[in-house]
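Working notes, structure below.
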Amino acid sequence: MGRSLKFLIPLLLFGGIALFLYKGLSMDPRAIPSPLIGKPVPEFSLPRLDAPGEKVTRKDLLGKVSLLNVWATWCVSCRAEHGVLVDFARTHKIPVYGLDWKDDEAGAQAWLERLGNPYVAVAFDKIGRTAIDLGVYGAPETFVIDKKGTIRHKIAGPLSPQLIEDELLPLINKLNQEG
Amino acid sequence: MSKQFASLVFLWLIATALPVAAYTLADFPFDDPKKEQEFRELTGKLRCLVCQNESLAASDADLAEDLRREVYDMMKAGRSKEEIIKFLVQRYGDFVLYDPPLKPSTYLIWFGPGVLLLIGAFVVIRTLKQKKSAREKTLSAEEQQRVEALLNTASETQGTDK
Amino acid sequence: MIPEIGHLALILALSLAITQAIFPLVGTFTNTRSWVAMARPVAWGHFLFLAIAFGCLIQSFLTDDFSVLYVATNSNSHLPNLYKVAAVWGAHEGSLLLWAFLLGGWAAAIALFSRGLPAHVVARVLSVMGMISIGFLLFMLITSNPFERIFPVPAEGRDLNPLLQDPGLAMHPPMLYMGYVGFSVAFSFSIAALMGGKLDAAWARWSRPWTIIAWIFLSLGITLGSWWAYYELGWGGWWFWDPVENASFMPWLAGTALMHSLAVTEKRGAFKSWTVLLALFAFSLSLLGTFLVRSGVLTSVHAFATDPARGVFILIFLCLVIGGSLMLYAWRAPSISSGGRFDFVSRESFLLINNLLLSVLAALILFGTLAPLIYDAMGWGKISVGFPWFNTMFEMIAPFLVLAMGIGPMARWKHDDFAHLFRQVRVALVISLIAGGVALLPMFSHGKMLVGLGVTLTVWLIATHLKNLQERLKHKHGLKGLLRDLAGGSRSYYGMWLAHLGVASFIIGATVVSNYGIEKDIRMTPGSDVTIAGYRFVFDGVSKTPGPNYTAYRGHFRVFDGANQVAVLEPEKRHYQMQGRPMTEAAIDPSLLRDLYVSLGEPIDGGDWSLRVYYKPFVRWIWLGGILMALGGLLSISDRRYRIVRKLSKSEAATRKAGTNATGNPATETA
């Protein structure tokens, strides 16, 4: 028995590999889960885009459930996402903070005037240092932050109405019920 | 979001959005050549996150330039290699490391090959032992004759071949 | 019109592939002579239509027919003609057509050069190749048709990826694919043999030259790819263990093991089931590589544009081909006689060890390549497994392989003893250890331990092979004897010898360049100079030069060794009009002992430039190694035994007769 069974080994090995390959077809090898989930938002202090004299800091995010959206005017899919964000800010009472990443100040302000401003406040990250602390690797990215200032979820890539409905809102509701 | 859409988005990002930065390491001078070598080796072993498959040292992506700058500043400030790696892993996860660290979750990567090697060695030894003790029970006399004939004629035509 | 003819030719090729797959095979089981005899003409027809399709695509590129989507996305009217042809295989669809075309070519070659083979064997081999072709043609016609039209017709094409606009890379895919597809021949021979239930020396002898030819192409393809990466990517590396590189290296390892294993099976009748398995592996790994590069399951430097639907198709195809063949193997292999008795110490044992090490290495690379995918699929997190891991594994296993390579050729077939072997290798052992020890002296090694290992292994290989040559020529009177020996026929020995020295050349090249290479990234002002490894590079500034489809900044450097000018280097930074990304063209002054390498970075304010200046000692030995291996392969198939077209001498007629008898199919013989 042992003699003929051993000839099955290559077939079984291949079967295993094929299963992984099949699974792999539905995964994105480039999506990197954030190790910051469950960790507090890193300390930061950045100028406000609309009022460079004032600062946006970590403290601003405390005490309520909020979104932190990383965007830039050079980012094509941010343009696609922007309308969704404007709608979201209008229909829901959840504050959305912006992090304008490595951008041109005047251009960014013009963009918000032209396309609408969904943000409670936009932190202007000229050199991208805070983005690194947040583990940002591409725009847009959206963080969900709870009342204690802990990062609970991150979405890489543009938000869509469906994504908001299926992923964001249930999580936000849950976080709202937490102490 | 479908994967296809996601990759489309990323292609967009890479193709059109990220400004191309200087990608030599010329902007990161060190007084000590040893440090410079260390910097080169370290950034060579860190993975650029937005690129297809390139190291921080070799990538011309904007984010790679930012991270090189970050690594450079940390080295200049006298931080150790371990601290720098820890800094990046805290933000981007183990994905940034081309050289996976040894820890329980990577035991499979680091010890799997040893196991494979042991299996290989086992197979060799077993086969050799079998071969030594085996009688040619599977080859009939007639077949044996044919093989011999074949080999003989073969060696006649080709001369001796060591 | 031309694209439609091409499309039609593809469909006709598919129908012929179906014919080629079914009728000859069924014929061998029902003993229908006319069906069996169909194999050859159908294979020729199949190839003819593939050639027509391939020609049509080339023609569409040459005439800038941008109504063809594939041409519009991969060419441009300003593209030089050479690259218009190379653009045919520059992206997914066309490279598939190249695959299919070459597969058809190999099948036609078998049809042409198989007169000495029994009709049943030819029929089955061609039938299996027909099945593989069906898969590729269906894949192309359903998901990736290179002749698809677009409307409205764009006025201009998007141009070929600038990275691919290079003579080295123009030749790289055809070479590589010749190798991949070539392994389908050994694969088909094995499947045919498994179907017949008979594997023997004759089967091994027929498979061997085809396998070696495929291996030669694959070796050259990989060498070209590595060389290209070195000069074109601009960072001076020659191997990065990227999935796409691994995808070519794994079949090469399996193919190398297969070549050696076939030698044993042919000469001694041993390792049969193992040899068959290797033949299945070599081609399966080629197919797997195709899947990995085209399905998007892994991130790679030069992945093709990916599409999950294509991934699903290839995966199904993989399961049918690989799963089916391994199933056949599991069913038939237990009845294969193990044959060929040999002792613990014998040539066979060393070849077995070599085989296993090569296979383990291939398995490790497969494991490392798939590990990120496995981790992700199991929910164990995202990891990267990169060159440090692969290098560690390679450095752990390769030395044992080299050790066996040195002893193996000394060992006698069937039975040898340790004392005899030790007498043969003891001088080489001492010399190589001394050489390694000297290399480890601080003044040479600068504290790098791997230098000692690399030098020891190189000297070991050279010394053992010289000794081996001496033993062989002892009875053949020196140089004259050697020449007579070479002319007289047994070139496979010298082929082995040359290929093994190729490995030595590779080891010393890789060792020296990775340990003594100097890389400097600097900022330079025109008129200034920098000295690296004793060479003074004088930067004479940058000028602007137009190219056919790009404009370039060209840097001017003069390089001095002391007072002598040794080279003028003119690296370029090109901006291709259609594709935004700037490309660097490194300038290299090559020589056997060192390369001097300059590539342009970016202009910095005030006319300064950032630059990469590299000193790469012995880097050429890496590719020289690849070329020597390929030459060794070439020499060995020129051996009389394998001469495909040969005069029928009496003794050969006898060989053939014995071969025919031995592989005749018992099922049909008794029917």
Worksheet item: Out of C:Lys480, C:Lys467, C:Lys476, which single residue is touching a Lys or Arg at 6+ places or on another chain (Cβ under 9 Å) and at pLDDT below 95?
Response: C:Lys476
Discussion item. Looking at (1) in a helix (DSSP H, G or I); (2) under 25 Å from the mean Cα position of the chain (by Cα), which one does C:Leu141 not meet, given that it meets all the others?
Written reply: (2)
Worksheet, complete the sentence: Flagged pairs (Cβ under 7 angstrom, 6 or more apart or on separate chains; first in the range C:158-179, of a type in the set (Phe, Trp, Tyr); second at pLDDT 85 or above) are C:Tyr177/C:Leu98; C:Tyr177/C:Trp99; C:Tyr177/C:Leu102
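Conditions (1) touching a residue at least 24 places away in the same chain (Cβ under 8 Å); (2) surrounded by 23 or more Cβ atoms within 10 Å (Cβ to Cβ); (3) away from every other protein chain (no Cβ under 14 Å), marked per residue:
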{"site": "C:Leu218", "(1), (2), (3)": "yes, yes, yes"}
{"site": "C:Ser226", "(1), (2), (3)": "yes, no, yes"}
{"site": "C:Tyr230", "(1), (2), (3)": "yes, yes, no"}
{"site": "C:Trp252", "(1), (2), (3)": "yes, yes, yes"}
{"site": "C:Ala257", "(1), (2), (3)": "yes, yes, no"}
{"site": "C:Phe271", "(1), (2), (3)": "yes, yes, no"}
{"site": "C:Thr275", "(1), (2), (3)": "yes, yes, no"}
{"site": "C:Leu280", "(1), (2), (3)": "yes, yes, no"}
{"site": "C:Thr290", "(1), (2), (3)": "yes, no, no"}
Worksheet item: For the range C:371-396, how many residues are touching an Asp or Glu at 6+ places or on another chain (Cβ under 8 Å) and buried (at least 18 other Cβ atoms within 10 Å of the Cβ)?
Response: 5
Worksheet, complete the sentence: Flagged in the range C:181-215 as surrounded by fewer than 24 Cβ atoms within 10 Å (Cβ to Cβ) and away from every other protein chain (no Cβ under 14 Å), in numbering order, are C:Met195, C:Gly196, C:Ile213
Item to complete: Please state which one of C:Arg523, C:Arg574, C:Arg558 is touching a Lys or Arg at 6+ places or on another chain (Cβ under 9 Å) and assigned to a strand (DSSP E or B).
Response: C:Arg558
Worksheet item: What residue, of C:Arg491, C:Arg472, C:Arg536, is of a type in the set (Lys, Arg) and over 26 Å from C:Gln424 (Cβ atoms)?
Response: C:Arg536
Worksheet entry | Filter pass, B:Ile109 being within 12 Å of chain C (Cβ to nearest Cβ), closer than 30 Å to C:Arg341 by Cα, aliphatic (A, V, I, L, M) and assigned to a helix (DSSP H, G or I) | no
Discussion item. I'm told C:Gly236 meets every condition in (1) in a helix (DSSP H, G or I); (2) away from chain A (no Cβ under 14 Å); (3) within 30 Å of B:Ser55 (Cα to Cα) except one. Can you identify the failing condition by its number?
Written reply: (1)
Practice prompt. Sort through A:Val84, A:Val70 and tell me the only one that's within 14 Å of another protein chain (Cβ to nearest Cβ) and in a strand (DSSP E or B).
Written response: A:Val70
Practice prompt. Can you tell me which residue among C:Tyr553, C:Tyr597 is farther than 20 Å from C:Tyr230 by Cβ and either modelled with pLDDT under 95 or not in a strand (DSSP E or B) (or both)?
Written response: C:Tyr553
Fill in: Residue satisfying condition, being surrounded by fewer than 22 Cβ atoms within 10 Å (Cβ to Cβ), within 13 Å of chain B (Cβ to nearest Cβ) and in contact with a helix residue (DSSP H, G or I) (Cβ under 9 Å, 6 or more places away or on another chain), within set C:Asp343, C:Asp416
C:Asp343
Worksheet item: Among (1) under 21 Å from C:Leu401 (Cα atoms); (2) surrounded by 20 or more Cβ atoms within 10 Å (Cβ to Cβ), which single condition is C:Arg472 missing?
Response: (1)
Practice prompt. Could you please give the count of residues in the range A:132-154 that are part of a loop (DSSP other than H, G, I, E, B) and within 14 Å of another protein chain (Cβ to nearest Cβ)?
Written response: 7
Worksheet, complete the sentence: Picked from the range A:90-117 (must be within 14 Å of chain B (Cβ to nearest Cβ) and assigned to a loop (DSSP other than H, G, I, E, B)), the residue surrounded by the fewest Cβ atoms within 10 Å (Cβ to Cβ) is A:Asp104
Worksheet item: Which one is modelled with the lowest pLDDT, of the residues in the range C:186-233 that are closer than 29 Å to C:Leu373 by Cβ and small (Gly, Ala, Ser)?
Response: C:Ala229
Discussion item. Can you tell me which condition B:Glu54 does not meet? The list is (1) without any contact (Cβ under 8 Å) to a residue 12 or more places away in the chain; (2) more than 7 Å from every other protein chain (Cβ to nearest Cβ), and all the others hold.
Written reply: (2)
Discussion item. Can you say whether B:Phe39 is crowded, with 17+ Cβ neighbours inside 10 Å and modelled with pLDDT of 80 or more, as far as the supplied structure shows?
Written reply: yes
Worksheet entry | Pairs, first in the same structural domain as C:Met578 (by TED's automatic domain parsing) in the range C:532-554, second in a loop (DSSP other than H, G, I, E, B) and among the acidic types (Asp, Glu), C-beta under 8 Å, six or more apart | C:Asn549/C:Asp159; C:Arg554/C:Glu570
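Based on what the data block shows, is B:Leu128 crowded, with 21+ Cβ neighbours inside 10 Å and aliphatic (A, V, I, L, M)?
no
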Worksheet item: Would the range A:38-49 turn up any residue that is more than 14 Å from every other protein chain (Cβ to nearest Cβ), surrounded by fewer than 15 Cβ atoms within 10 Å (Cβ to Cβ) and outside any loop (DSSP other than H, G, I, E, B)?
Response: yes
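Kindly indicate which of C:Leu486, C:Leu466, C:Leu479, C:Leu453 is under 21 Å from C:His420 (Cβ atoms) and surrounded by fewer than 21 Cβ atoms within 10 Å (Cβ to Cβ).
Residue meeting the stated conditions: C:Leu466.
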Item to complete: Name every residue in the range B:90-101 that is over 15 Å from B:Ser55 (Cα atoms) and either within 12 Å of chain C (Cβ to nearest Cβ) or of a type in the set (Val, Ile, Thr) (or both), in order of residue number.
Response: B:Gly93, B:Pro101
Discussion item. Can you find a residue that is of a type in the set (Lys, Arg) and at pLDDT 90 or above anywhere in the range C:486-501?
Written reply: no
Worksheet item: Would the range C:52-75 turn up any residue that is part of a helix (DSSP H, G or I), within 21 Å of C:Ile191 (Cα to Cα) and outside the structural domain of C:Gly547 (by TED's automatic domain parsing)?
Response: no
Worksheet item: Is it the case that C:Ser95 is under 18 Å from the mean Cα position of the chain (by Cα), surrounded by fewer than 24 Cβ atoms within 10 Å (Cβ to Cβ) and in a helix (DSSP H, G or I)?
Response: yes
Worksheet, complete the sentence: Matching residues in the range C:144-168 (hydrophobic (A, V, I, L, M, F, W, C), under 28 Å from the mean Cα position of the chain (by Cα) and crowded, with 23+ Cβ neighbours inside 10 Å) number 1
Response to the item:
The one condition C:Lys573 fails out of (1) out of contact with any strand residue (DSSP E or B) (no Cβ under 8 Å at 6 or more places or on another chain); (2) under 27 Å from C:Asp605 (Cα atoms) is (1)
Practice prompt. Would you confirm whether any residue within the range A:13-21 is at pLDDT below 90, surrounded by 15 or more Cβ atoms within 10 Å (Cβ to Cβ) and within 14 Å of chain C (Cβ to nearest Cβ)?
Written response: no
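The values are calculated or read from the model by the stated rules, or taken from the named source; none is laboratory data. Just so it is clear, the structure is predicted and the values come from calculations on it, not from any experiment. When we count neighbours, we look across all protein chains shown, and the Cβ atoms used for this are built from the backbone with ideal geometry, even at glycine.
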